[in-house]
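Below is one structure, written out as structure tokens; the observations come after it.
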Amino acid sequence: MARKPEELSRADQIRARRHIEPVKRKPIERAPQESTQRAARSASRVVTRRQYTDTQATPQAESSRGHRPVYIPTSTPGKELRLPAVPRVSVGMRVFSGILALLLLVGVISMLKSDSFKVNPNGINIRGNFRVSNAEIASKLSSYGTRIIEVEPDKIEQVIIRDFPDIKTVKVGVSLPANLNVLVVERIPSIIWFVDATEETEASQIWIDDEGYSFEVRGAASLPIEVHANTAPPPPFKPVEMEKPTAPEETETEEEIFKEPEPNVDPRLVEAIQALNQLKPQGTQLRYDARRGLGWVDPNYGWMVYFGRSAEHLDLKMAQYQKIAELILERNLQPTLISLEFLHAPYFR
């Protein structure tokens, strides 16, 4: 039984009125200028529409994706026999790189596990040596039993240069499966230095090359220059460098730094020896004194003449020696030595 309008509550009356009467909203009042701007923007706006096509593949296309149909001609003209579709196989770059990485991994593992890649004496090839034997060089190589991929050629070169002063350069290379190739260049001696025997030391001899590097005598060699001395050849002059104090911890952690070998004989003395060897009288020995330098015994008068340790002003010193010798003969003197070590202060005794 429906309620009478008088019996309806106020809320029910409002709901009933909403169903019957449309809601009237008050229009929003806008300024004329704002309405004009909105209309201009709406007129200048460009609306584009995209056309969408149905990209849904047909069941036939989906079933044949990735397959290649094969047709075989028959004897009947205009007819062909269609075989089942053959799948298309394509290898991408990812698959190729994966296969390559796998092969490299297998190769590295085989190098680490197989004994065929260990360095052994039969795989060491030494070339370029004449005086230093292969056994001496091979004894300095600590690579026996080491994997070929673990060999450090730079360190091997440093060991050979350090332990063999008569080797000028060395080049070490590796090759598979376990070969170690060593190419050396030896120094060529040009001076043989004889040290006279004393009460405390025995007589000895060393070789010196043109650059001032000295090394031990190996075998026999006919060298053009011989020097007889009462001491070892003097080292080159070096300025004294003050070493910076370092903490004990730093010295233990730092690795040994390799230094290129330097000449251990004064290069100026080597140059002087080569020059005086051309000026000395034939049949005389070139001698060296630690105090007065290089010289020889004059075969005509029997006294000793010294010219110092350098090749500077040798022509002037030779002319000066001739004048001094004439003066000594005129005065009928018998000196034991004449020293022209200093050009402006010669003397005789």
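We did not get these values from a lab; they are worked out from the coordinates using the rules stated. What you see is a predicted model; the values in this text were computed from it and never measured. Cβ placement follows ideal geometry from the backbone for every residue including glycine, while neighbour counts extend to all protein chains displayed.
With +1 assigned to the C-beta of every Lys and Arg and -1 to the C-beta of every Asp and Glu, and no other charges, what is the dipole magnitude of region 117-186 about the Cα centre in debye, to the nearest 20? Before the final figure, lay out the partial values.
Values: 9 positive and 8 negative charges, 23 e Å.
About 100 debye.
What does the C-alpha gyration tensor say about the overall shape of region 117-186? Classify as rounded when a/c is under 1.5, otherwise prolate if a/b is larger than b/c, or oblate. Spell out each step's value before the answer.
Numbers: a/c = 1.94, a/b = 1.70, b/c = 1.14.
Judged from the Cα gyration tensor, region 117-186 comes out prolate (a/c at least 1.5, a/b above b/c).
Put a dot 7 Å past each Cα toward the Cβ at E202 and I14; how far apart are the dots in nm?
Reported label-point gap for I14 and E202 is 13.0 nm.
Taking 0.36 nm per residue of sequence separation and subtracting the Cα-Cα distance, how much length would be gained by fully extending the chain between V106 and F342, in nm to one decimal?
Working: separation 236, 0.36 × 236 = 84.96 nm, distance 7.45 nm.
The V106-F342 span can extend by a further 77.5 nm.
In the neighborhood of I188, defined by Cβ-to-Cβ distances under 12 Å, what is the net charge if each Lys or Arg adds +1 and each Asp or Glu adds -1?
So the environment of I188 carries a net charge of -2.
Can you list the HN-Hα couplings for region 131-140, worked out from phi with the Karplus curve (6.51, -1.76, 1.60; θ = phi - 60°), rounded to whole Hz and with x for Gly and Pro?
Result, ordered by residue: 9, 7, 6, 5, 5, 5, 5, 5, 5, 8 Hz.
Size of the dipole of region 85-235 about the Cα centre, Lys and Arg at +1 and Asp and Glu at -1 on the beta carbon, nothing else charged, in debye to 20? It would help to have the intermediate numbers written out before the result.
Values: 14 positive and 18 negative charges, 334 e Å.
That gives region 85-235 a dipole magnitude of about 1600 debye.
Mark the label point 7 Å from the Cα of R331 along Cα→Cβ and return the residues of region 287-325 whose backbone N is within less than 12 Å of it.
Hits in region 287-325 for R331 at 12 Å: 324-325.
Which whole-number percentage describes the relative contact order of region 117-186, with Cα contacts under 8 Å and a sequence gap of 6 or more?
Once divided by the residue count of region 117-186, the mean separation gives 43 percent.
Using modelled amide H (1.01 Å from N, peptide plane; none on Pro or chain starts), what sits under 5 Å from the amide H of L337, excluding residues fewer than 5 places away?
Answer set, sorted by chain and number: M304, R349.
What FRET efficiency, computed as 1/(1 + (r/R0)^6) with R0 = 35 Å and r the Cβ-Cβ distance, is obtained for F237 and Q278, rounded to the nearest 0.05?
According to the calculation, E is roughly 0.90.
Count the net charge of all other residues whose Cβ sits under 13 Å from the Cβ of I328, scoring Lys and Arg as +1 and Asp and Glu as -1. Don't skip to the answer; put the middle values down first.
Working: positive: K323, R331, R349; negative: D298, E326, E330.
That works out to 0.
Whose amide H sits under 5 Å from the amide H of I225, counting only residues 5 or more places off or on another chain, with H placed in the peptide plane?
I192
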